[in-house]
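**Q** Supplied in structure tokens, the structure appears directly below.
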Amino acid sequence: MEKEQNIHSEEKKDNKTELSPTEEKNKESEKEISPEDKIKELEEKLARTLAEMENQRRRFEKEKDDAFEYGGFSFAKESLNLIDNFDRAKQSLENDEKIKGTDVLKKTLEHLDIVKKDLISIFKKNNIEEIISVNKKLDPNLHQAMMEIEDENKEPGTIIQEIQKGYIMKDRLLRPSLVAVSKKPEKNEEKSEEKDKK
């Protein structure tokens, strides 16, 4: 009987001393980390969390401002077609031989100009402005070169013709100006040499 009691007491001791691997790690880490270290670790986590929250707040603030500033960006982009259509309609009426020089044409053109001016003033109130291009240097951020025209009088890369007007909304490009730029004319000698080679 004494042997049985000794065996049982040894089993109890083994059960008490045997811990799972995770429990052992937790006890070791508790022993290794002092309260001061734990406080420092928690302070660092808190500082990182606060910084992340501040960054997220700033990001949301910027997105909100952008939505307010540029919320109508796609609408404005589509509205540019109205101005283009006014110009096309005016040009079409002016070229119509049947009504050329009549009072009806003059009144119609006056009304079209009034409506166009109103539309442009609405655009300006909403910070949509036309890009001035002619006689300026080509800026790939604002202009799209469609063709090159030989011109001795202009410096190469200067815009000499505007095919379609471009517009900006505050600092964002709505539509680039489609332009023709100048280039230096080829010399007659070079042209004749090319013909001789062929």
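The values are calculated or read from the model by the stated rules, or taken from the named source; none is laboratory data. If you're wondering where the values come from, they're calculated on a predicted model, not measured in any experiment. Counting neighbours? That spans all protein chains shown, and the Cβs are built from the backbone with ideal geometry, glycine included.
**Q** Starting from residues that are in a strand (DSSP E or B) and polar (S, T, N, Q), keep the ones in the stretch 156-190 and report whichever is nearest to K137 (Cα to Cα). So that I can check it myself, show each step before the final result.
**A** Within the stretch 156-190, the subset in a strand (DSSP E or B) is 158-164, 167-169, 172-175, 177-183.
When the remaining residues are screened for being polar (S, T, N, Q), the result is 158, 161, 164, 177, 182.
Values: T158: 5, Q161: 12, Q164: 16, S177: 12, S182: 10 Å.
Only one residue fits best here, namely T158.
**Q** Spot the failing condition for I149; the list is (1) among the aliphatic types (A, V, I, L, M); (2) under 26 Å from N81 (Cβ atoms); (3) exposed (fewer than 14 other Cβ atoms within 10 Å of the Cβ), and only one is missed.
**A** Condition (2) is where I149 drops out.
**Q** Just need a number here: residues in the stretch 65-105 that are within 15 Å of the chain's Cα centre (by Cα), surrounded by fewer than 13 Cβ atoms within 10 Å (Cβ to Cβ) and either at pLDDT 85 or above or among the acidic types (D, E) (or both).
**A** Selection size over the stretch 65-105: 2.
**Q** Working carefully through the options E43, E30, E54, find the one that is part of a helix (DSSP H, G or I), modelled with pLDDT of 85 or more and farther than 30 Å from D171 by Cβ. Give the derivation first.
**A** Details: E30 fails: modelled with pLDDT of 85 or more; E54 fails: farther than 30 Å from D171 by Cβ.
None of the other options fit; the residue is E43.
**Q** Being under 30 Å from I114 (Cα atoms), in contact with a Ser or Thr (Cβ under 8 Å, 6 or more places away or on another chain), aliphatic (A, V, I, L, M) and assigned to a helix (DSSP H, G or I): is that true of L93 here?
**A** Details: under 30 Å from I114 (Cα atoms): yes; in contact with a Ser or Thr (Cβ under 8 Å, 6 or more places away or on another chain): yes; aliphatic (A, V, I, L, M): yes; assigned to a helix (DSSP H, G or I): yes.
Against the criterion (under 30 Å from I114 (Cα atoms), in contact with a Ser or Thr (Cβ under 8 Å, 6 or more places away or on another chain), aliphatic (A, V, I, L, M) and assigned to a helix (DSSP H, G or I)), L93 qualifies.
**Q** I've got another one for you. I want to confirm something. Restricting to the stretch 100-144 and keeping residues that are among the acidic types (D, E) and outside any helix (DSSP H, G or I), which single residue is farthest from Y70 (Cα to Cα)?
**A** D139
**Q** May I ask you to list pairs of residues, at least six apart or on different chains, whose Cβ atoms are under 6 Å apart, with the first in the stretch 174-192 being closer than 30 Å to A76 by Cα and the second being modelled with pLDDT of 70 or more and aromatic (F, W, Y)?
**A** L174/Y167; R175/Y167
**Q** Another question about this same structure. State all residues of the stretch 158-186 that are exposed (fewer than 14 other Cβ atoms within 10 Å of the Cβ) and at pLDDT 90 or above; if no residue qualifies, say none.
**A** I163
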